[in-house]
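The values are calculated or read from the model by the stated rules, or taken from the named source; none is laboratory data. Bear in mind the structure is a predicted one, so any value in this text is a computation, not a measurement. No Cβ is skipped: glycine too gets one built from the backbone with ideal geometry, and neighbour counts run over all protein chains shown. Each accessible area value is taken on the protein alone, full model and side chains, heavy atoms only, with ligands, DNA and RNA left out. Shrake-Rupley method; radii C 1.70, N 1.55, O 1.52, S 1.80 Å.
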Amino acid sequence: QVQLVESGGGLVQAGGSLRLSCAASGRAFSSFTMAWFRQAPGKEREFVGAITWSDDTTYYADSVKGRFTISRDNAKNTVYLQMSSLKPEDTAVYYCAASYKGPPTYNSRSYYYWGQGTQVTVSS
């Protein structure tokens, strides 16, 4: 069993930055591919990015590539999402998700464990 808790959300002006954290407890964190998803009001949940368990390779959605960076600290059982050059369209609830030794897929159904989400609001 893995519990995920996101933090770091808030209100920021367009062009600003935020860093989200996702702390994991339970089984060996280093064996999990970790991902970030987001869901805006009235929209489906969408893939933001992922970092693999095997070699820390990162993958990003085109909409955030070059602006967002995912990293992990296995010693702290934490994955981060550094967001820069934020836009109003980045406003959403951000969720972290975990897949045991899974591929870094954009498909949310591949991730078994989910956090409760943290709200990010970008004002124009």
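Observations
- For segment 60-89, the set of residues classified as within 26 Å of Ser124 (Cβ to Cβ), among the basic types (Lys, Arg) and open to solvent by 40 Å² or more (accessible area, probe 1.4 Å) consists of Lys65, Lys87, listed by residue number.
- Scanning segment 4-25 for residues that are in contact with a Ser or Thr (Cβ under 7 Å, 6 or more places away or on another chain), touching a residue at least 60 places away in the same chain (Cβ under 8 Å) and open to solvent by 30 Å² or more (accessible area, probe 1.4 Å) returns Ser7, Gly8, Gly9, Leu11, Gln13, Ala14, Gly15, Ser17.
- Whichever residue in segment 53-63 is in contact with a Phe, Trp or Tyr (Cβ under 9 Å, 6 or more places away or on another chain) and not hydroxyl-bearing (Ser, Thr, Tyr) and, among such residues, is modelled with the highest pLDDT: Ala61
Listed here are the residues, each with its yes/no results for (1) in a helix (DSSP H, G or I); (2) more than 19 Å from Gln1 (Cβ to Cβ); (3) β-branched (Val, Ile, Thr).
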{"site": "Ser30", "(1), (2), (3)": "yes, no, no"}
{"site": "Gly49", "(1), (2), (3)": "no, yes, no"}
{"site": "Asp62", "(1), (2), (3)": "no, yes, no"}
{"site": "Glu89", "(1), (2), (3)": "yes, yes, no"}
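- A single entry from Pro41, Pro103 fulfils the requirement of being in a loop (DSSP other than H, G, I, E, B), farther than 17 Å from Ser123 by Cα, open to solvent by 40 Å² or more (accessible area, probe 1.4 Å) and modelled with pLDDT under 95: Pro103.
- For segment 90-98, the criterion of being open to solvent by 20 Å² or more (accessible area, probe 1.4 Å) and over 14 Å from the mean Cα position of the chain (by Cα) is satisfied by no residue at all.
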